[in-house]
Amino acid sequence: MQQLTKVPLYTEYHPRWYRPRVSVYWWLGQWQYLKFILRELSSVFVALVVVMTLLQLRALRNGPEAYAKLQALLKSPAVLVVSVVSLFFVVFHTITWFNLTPRAMPLRVRGKRVPEWLVAASNYAVWIVASGLVAFLVLRSQ
Amino acid sequence: MSDKVILEIARYSPERDAEPSFQAFEVPFRKEWVVLDALNHVKDTIDGSLTYRWSCRMGICGSCGVMVNGEPKLSCATFLSSYARNGNRVRVEPLRYFPIVRDLVTELSGFLGKLKQVKPWLIAKDEPPLSQGEFLQTPEQLEEYRQFSMCINCTLCYAACPVVGLDPQFVGPAAIALAQRYNKDSRDAGATDRTAVLAHPEGIWGCTFVGECTRVCPKHVDPAGAIQQYKIKAALDWTKTLLMPWNRRKPEDAGSAAAD
């Protein structure tokens, strides 16, 4: 990897400058920082939901017995608690990232920037439609 | 009796102190006063040794940035009344994450070094002769980079960015936004010259998108947006060279193409 050489890895020795140290708990002092750390942490729960879904698919492939066994496990109180916490973090993850989309992807239509809320709103629209579709498929079969 | 506010100002004397401490000053509370007016009042009438930077007092020079109650703010553009009523306390500290030279004065050479690294000036590859006249730009071309050109180098975004605090080598929000200001300029052909610094773990990839830089920016530059947009561009460029290595641009014409 190319090294950046122009700024040295040290700064000159200035004994009279005061260099404040960053506390390990810097993220606790301000809600915005805490929100950021929670958003980063939410990725773990997103991964957990993906793993759960994959396990369900595997059980489905292995036959009704294996699926019933996994369903029983998923209904145990401990897994239910984890599922509720995961749901909270996945929703938090989705909302925070949807709201950040317009910042990363400024859209221009005929030379004019599309308003930020509209870019975010289109994400929510797709989310609602997809959720509605899933709900329809699940509820129809019952 | 007129209203009063207590200013708690961080004091640090390099000759005397091992670390900063707070000193309280009672100043009149006037609704038209900004924090800088209160600092000037302290310096003029109470303690002439109080040290801080300021110049234009109208949000243009970018030299009066301080932490007001833990928020990075331009002291000339922050009303005391937004933070205090009669008898309240307002805390004024030097900008976070920078070495402190004295009282509220921070050391900026690290930031200036990073700024220089991204070459924040127009780089022309084939300069046309003067006889061809001026470089014309459409309003749309101007709009591409105008927002990023508003940066006044006040370094509030560095004081808001935890990555700057945790990784002092991180190029930082303002420098990357200014690099984008030139990358997106139709007259510039230096985008490839800046890539080595920007598409680097200490450049855009150091950013974790906390987004605080954009929130505190007094000029609405949106450095967080500039960084994420460059991340997308760098990732696409990398994918393109991976999928089509024979299509790799030659260094001499890559600059103008990347600036499009």
Study note, to complete from the structure: When (1) over 22 Å from residue B:234 (Cα atoms); (2) open to solvent by 10 Å² or more (accessible area, probe 1.4 Å) are applied to residue B:149, the one that fails is (1)
Study note, to complete from the structure: When region B:103-135 is checked residue by residue, the ones that are crowded, with 20+ Cβ neighbours inside 10 Å and at positive phi are B:103
Practice item. For region B:79-90, state whether one or more residues are open to solvent by less than 60 Å² (accessible area, probe 1.4 Å) and within 13 Å of chain A (Cβ to nearest Cβ). Key: no
Exercise for review: Could you tell me whether any residue of region B:169-181 is touching a residue at least 60 places away in the same chain (Cβ under 8 Å), among the small types (Gly, Ala, Ser) and more than 30 Å from residue A:24 (Cα to Cα)?
Suggested key: yes
Practice item. Could you grab me the full set of residues in region B:142-155 that are within 14 Å of chain A (Cβ to nearest Cβ) and over 16 Å from residue B:191 (Cα atoms)? Key: B:142, B:143, B:146, B:147
Point to revise | Options B:122, B:136: the member that is away from chain A (no Cβ under 13 Å), free of Cβ contacts under 8 Å to residues at least 12 places away in the same chain and among the aliphatic types (A, V, I, L, M) | key: B:136
Review point. Do the conditions hold for residue B:238, that is, is it closer than 27 Å to residue B:96 by Cβ, more than 7 Å from chain A (Cβ to nearest Cβ) and either open to solvent by 30 Å² or more (accessible area, probe 1.4 Å) or touching a residue at least 60 places away in the same chain (Cβ under 8 Å) (or both)?
Key: no
Point to revise | Boolean, residue B:17 is in a helix (DSSP H, G or I), under 21 Å from residue B:106 (Cα atoms) and either within 14 Å of chain A (Cβ to nearest Cβ) or open to solvent by less than 60 Å² (accessible area, probe 1.4 Å) (or both) | key: no
Check your understanding: Which one of these is more than 10 Å from every other protein chain (Cβ to nearest Cβ) and open to solvent by 10 Å² or more (accessible area, probe 1.4 Å): B:193, B:185?
Key -> B:193
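The values are calculated or read from the model by the stated rules, or taken from the named source; none is laboratory data. Just so it is clear, the model here is predicted, and its values are computed rather than measured. Every residue, glycine among them, receives a Cβ derived from its backbone with ideal geometry; neighbour counts consider all protein chains shown. Side chains are part of the model used for accessible areas, which takes the heavy atoms of the whole protein and leaves out ligands, DNA and RNA. Shrake-Rupley method; radii C 1.70, N 1.55, O 1.52, S 1.80 Å.
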